[in-house]
Amino acid sequence: MTSRTLRNIVLIWLAWSIILIGYMQLVQLRYAPDRPDYALSWTGQETTRNSQNGKIYLNDPFFNTQVSWDSEFYLSIATFGYDDPAVRVLEGNEGEAYSMNYAFFPFYPMLMKVVRLPFTLFGLTPIAASTLAGVIVSLVGTLAGIIALYDIVREELGEDGGIRTLFYMLIFPTSMFFAVIYTEGLFVGLAFGSLALMRRKQWVWAAVLAALATWTRSIGGALVVPLLISWALAYRDSTDRRGLWIRLPLMFLPVIAYGLWRLQYGTAFDFVEDIWFGNKLLDIDTTLQAWGEFLERAQEFPETAVTSAMQVIAIALALLSCLLTFRRYPQIAVFGLIAIVIPFTAGYTSINSTIRYMIVVPTLWIMLGRWGRNPVFDRAWTLVSILLLAMQAFLFSYDFWVA
């Protein structure tokens, strides 16, 4: 990558960050949505004017447009810790009790806790300092992610195609999650960085980033699969296999990282996920039931119809991308497929947030980057993406459900 290309990528990222966050601030000065939001069966109760009352981490005025829903828990962990008394505690039938914070992985709030330290010296409130730190971590992670994505596609699509590919990622309808208090920005930086390093056969750093991605989101553990595929392909083509055998244990770092996390947080995580979120691995029956109810509701509520259509289209595009890119990018396609299947089959979560989960599927951007060589597709996709992103960012800034 030339210095000119890197400069252009950084400037595109900087312009995107300023424009997107500025838009989310500006839009609240001009108009507001009609409450409540009936996109899902439960959102009507959670999007009234008083729904955020009592949630101190969602009410601080500083950068409040970048904070909603799960942001509460990341801010709580970064500001106070997992056992924050300001966050709801769930109790079981046998007397066990855990904070809802335990449903969320530690690496993102850990970085927020470090980055926020100097801001507390400048007079920001504790919550404001955590908010600013979280936005910075998300944005820097996103920058690392688009640089890695460019590195992955540069050989096939060239400089212009690489820039186009990362731009499509930045303007996707749910790309505002890369600039708010959510883990998507940091995760793509770590996961895409790991995948790019695998292609360069830089095993140590690829494995380390995969382990950190695992501590950011559980799906990061799936990076063990592309690591092993990359190692196997290198072993097949290598004449010096002794060095590869020495590096083989590194390929399991994501599994080790997941195991260490389970030792510390696993019991509490399972408890909160089961009691509150109802998520289970490969829960096909519940997933089918949830989608049946979701699509039936879409016939009555236009908000649900729009939400379901966007979810279905995003899933279809992501699945198609895995198939179309498998031959050239087998490791990345396999990871993308796992990153689709696991959240999609988790039960009711699949109807809530699937379109957000799709933005960490790297093959989606590779496929769109290929299609963008057609000037008609390029202009059409850019237009529809930006318009839908504006809608979604507006809704998120008012705490409506978008993913």
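The values are calculated or read from the model by the stated rules, or taken from the named source; none is laboratory data. Just so it is clear, the model here is predicted, and its values are computed rather than measured. FYI the Cβ positions are ideal-geometry reconstructions off the backbone, even for glycines, and counts take in every protein chain you see. Surface areas here come from the heavy atoms of the whole protein model, side chains and all, with no ligands, DNA or RNA. Shrake-Rupley method; radii C 1.70, N 1.55, O 1.52, S 1.80 Å.
Listed by first and then second residue, the pairs linking a residue in the range 167-178 that is touching a residue at least 60 places away in the same chain (Cβ under 8 Å) to a residue that is of a type in the set (Lys, Arg), with Cβ atoms under 6 Å apart and 6 or more places separating them unless they lie on different chains, are THR174/ARG356; PHE177/ARG356. Looking at VAL312, VAL361 in this structure, which one is free of Cβ contacts under 8 Å to residues at least 12 places away in the same chain and within 23 Å of LEU295 (Cβ to Cβ)? When all the criteria are applied, what remains is VAL312. Restricted to the range 37-59, and to residues there that are in contact with a helix residue (DSSP H, G or I) (Cβ under 7 Å, 6 or more places away or on another chain) and open to solvent by less than 30 Å² (accessible area, probe 1.4 Å), the residue that is modelled with the lowest pLDDT is GLN52. Number of residues in the range 107-119 that are open to solvent by less than 20 Å² (accessible area, probe 1.4 Å) and out of contact with any Lys or Arg (no Cβ under 9 Å at 6 or more places or on another chain): the value is 2. Return only the number of the condition from (1) under 22 Å from the mean Cα position of the chain (by Cα); (2) among the small types (Gly, Ala, Ser); (3) assigned to a loop (DSSP other than H, G, I, E, B) that ALA15 does not satisfy. Going through the list (1) under 22 Å from the mean Cα position of the chain (by Cα); (2) among the small types (Gly, Ala, Ser); (3) assigned to a loop (DSSP other than H, G, I, E, B), ALA15 breaks only (3). If you go through the range 62-93 and keep only what is open to solvent by 30 Å² or more (accessible area, probe 1.4 Å), without any contact (Cβ under 8 Å) to a residue 60 or more places away in the chain, among the charged types (D, E, K, R) and over 14 Å from ALA268 (Cβ atoms), you end up with nothing. Could you please give the count of residues in the range 247-263 that are over 20 Å from LEU195 (Cα atoms) and either more than 32 Å from the chain's Cα centre (by Cα) or surrounded by 11 or more Cβ atoms within 10 Å (Cβ to Cβ) (or both)? Qualifying residue count, the range 247-263: 4.
Scanning the range 170-223 for residues that are over 16 Å from THR363 (Cα atoms), polar (S, T, N, Q) and touching a helix residue (DSSP H, G or I) at 6+ places or on another chain (Cβ under 6 Å), we see that the one that is surrounded by the most Cβ atoms within 10 Å (Cβ to Cβ) is THR214.
Only one entry in PHE119, PHE63 is of a type in the set (Phe, Trp, Tyr) and on the phi < 0 side of the Ramachandran plot, namely PHE119.
If you check ALA314, ALA305 for being within 21 Å of ARG356 (Cβ to Cβ) and surrounded by fewer than 18 Cβ atoms within 10 Å (Cβ to Cβ), only one passes: ALA305. Can you tell me which residue in the range 345-393 is nearest to the chain's Cα centre (by Cα), limited to those that are open to solvent by 10 Å² or more (accessible area, probe 1.4 Å) and among the hydroxyl-bearing types (Ser, Thr, Tyr)? If we take residues in the range 345-393 being open to solvent by 10 Å² or more (accessible area, probe 1.4 Å) and among the hydroxyl-bearing types (Ser, Thr, Tyr), then TYR357 is nearest to the chain's Cα centre (by Cα). Looking across the range 18-34 at every residue that is in a loop (DSSP other than H, G, I, E, B) and either in contact (Cβ under 8 Å) with a residue 24 or more places away in the chain or under 17 Å from VAL135 (Cβ atoms) (or both), the one that is least open to solvent (accessible area, probe 1.4 Å) is identified as PRO33.
Within the range 264-281, the residues that satisfy the criterion of being open to solvent by 40 Å² or more (accessible area, probe 1.4 Å) and among the charged types (D, E, K, R) are ASP270, ASP274, LYS280.
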